[in-house]
Amino acid sequence: MAKRRKPKYKIGDTVVITIYGTVGRVTDVKWLDGKYVYEVNKSDGLFLESALQMLSEYDGSVVEQEQIDIEYKFFFGDLVQVSGYGADLFKVVGFRTEIWRYKEDAWEDVIYELSRVSDGEWLEAGEEELTLVADAESADTFIQKLGLLYLVNKQDQAVKNTNLKNLIRKAEFEEIERKKEKKELIDNLLDIFNDYRILYELFHDQEYYQVMRVILRKLESLVNNDGKSPV
């Protein structure tokens, strides 16, 4: 039985992939169908010896491989606002990098794929269009607080649209619920108020200020124990 010859290249050798003119480092050597094949830069493809040459022995021109480091400002699950969409909240569901290269110019664009919290509408936006509201870890808690405020306001609106009989029933129900949940509701409203106060101080958006006023009215009505929100 013939003795197997040694491979021409070993792990760690710097070689040129001659068909591409690119430089890489041998990261694995395999024996396949009676031939040595080589992995370069941990890539999925394997190269025959005939496709490689030691860099020190290569006479052709070498194509330099560009190393690009992209720093992402937002990640999966982050809660953001988008320029031009007011106080609407979006969640980051994906992102990609578009690389542009021209003879005298070069740049990279990071595009984020978003889903609007209120209705799931899909949107793409550039990094410069986004403002972080809450990171992925605290996004769900923030949304829950917004949902509580929505339910409180929705209950108030329902009272205005019902007849007198339903108003009485609603008042009786709220009286019972208020005794059980008044403290918890006040605490949650204060949390929401503080969140919106921070957002208002950061962005000076009048929508945040209006929400703060609504919360204060609701707190006043709870403290007064009358269950009615002043107009």
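A quick yes/no check of all residues on (1) charged (D, E, K, R); (2) under 22 Å from GLY86 (Cα atoms); (3) out of contact with any helix residue (DSSP H, G or I) (no Cβ under 6 Å at 6 or more places or on another chain); (4) modelled with pLDDT under 80:
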position	(1), (2), (3), (4)
ASN166	no, no, yes, yes
ARG169	yes, no, yes, yes
GLU175	yes, no, yes, yes
LYS180	yes, no, yes, yes
PHE193	no, yes, no, no
HIS204	no, yes, yes, no
LEU219	no, no, no, no
VAL223	no, no, yes, yes
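Can you find a residue that is within 24 Å of ARG96 (Cβ to Cβ), touching a strand residue (DSSP E or B) at 6+ places or on another chain (Cβ under 8 Å) and either modelled with pLDDT of 85 or more or surrounded by 15 or more Cβ atoms within 10 Å (Cβ to Cβ) (or both) anywhere in segment 138-155?
The initial filter retains those residues of segment 138-155 that are within 24 Å of ARG96 (Cβ to Cβ), namely 139.
Those still in the list that are touching a strand residue (DSSP E or B) at 6+ places or on another chain (Cβ under 8 Å) too: 139.
Next, only the ones that are either modelled with pLDDT of 85 or more or surrounded by 15 or more Cβ atoms within 10 Å (Cβ to Cβ) (or both) stay: 139.
Yes; the residues of segment 138-155 include at least one that is within 24 Å of ARG96 (Cβ to Cβ), touching a strand residue (DSSP E or B) at 6+ places or on another chain (Cβ under 8 Å) and either modelled with pLDDT of 85 or more or surrounded by 15 or more Cβ atoms within 10 Å (Cβ to Cβ) (or both).
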Test: residue in segment 107-116 that is in contact with a Ser or Thr (Cβ under 8 Å, 6 or more places away or on another chain), in a strand (DSSP E or B) and in contact (Cβ under 8 Å) with a residue 24 or more places away in the chain: yes
Residue that is nearest to SER138 (Cα to Cα) [pool: residues in segment 80-99 that are part of a loop (DSSP other than H, G, I, E, B) and open to solvent by less than 60 Å² (accessible area, probe 1.4 Å)]: LEU89
Condition check for TYR102: modelled with pLDDT of 65 or more, surrounded by 11 or more Cβ atoms within 10 Å (Cβ to Cβ) and among the hydroxyl-bearing types (Ser, Thr, Tyr): no
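Quick grid of which residues meet (1) under 19 Å from SER56 (Cβ atoms); (2) surrounded by 14 or more Cβ atoms within 10 Å (Cβ to Cβ); (3) under 39 Å from the mean Cα position of the chain (by Cα):
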position: ARG5; (1), (2), (3): no, no, no
position: LYS10; (1), (2), (3): yes, no, no
position: VAL15; (1), (2), (3): yes, yes, no
position: GLY24; (1), (2), (3): yes, yes, yes
position: ASP33; (1), (2), (3): no, no, no
position: TYR36; (1), (2), (3): no, yes, no
Exclusive hit being at pLDDT below 80 and open to solvent by less than 60 Å² (accessible area, probe 1.4 Å), set GLY77, GLY60, GLY126: GLY60
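The values are calculated or read from the model by the stated rules, or taken from the named source; none is laboratory data. Because the structure is a prediction, the values reported are computed rather than measured. Backbone-built Cβ (ideal geometry, glycine too); neighbour counts: all protein chains shown. Quick note on the areas: whole protein, heavy atoms, side chains included, nothing else; ligands and nucleic acids left out. Shrake-Rupley method; radii C 1.70, N 1.55, O 1.52, S 1.80 Å.
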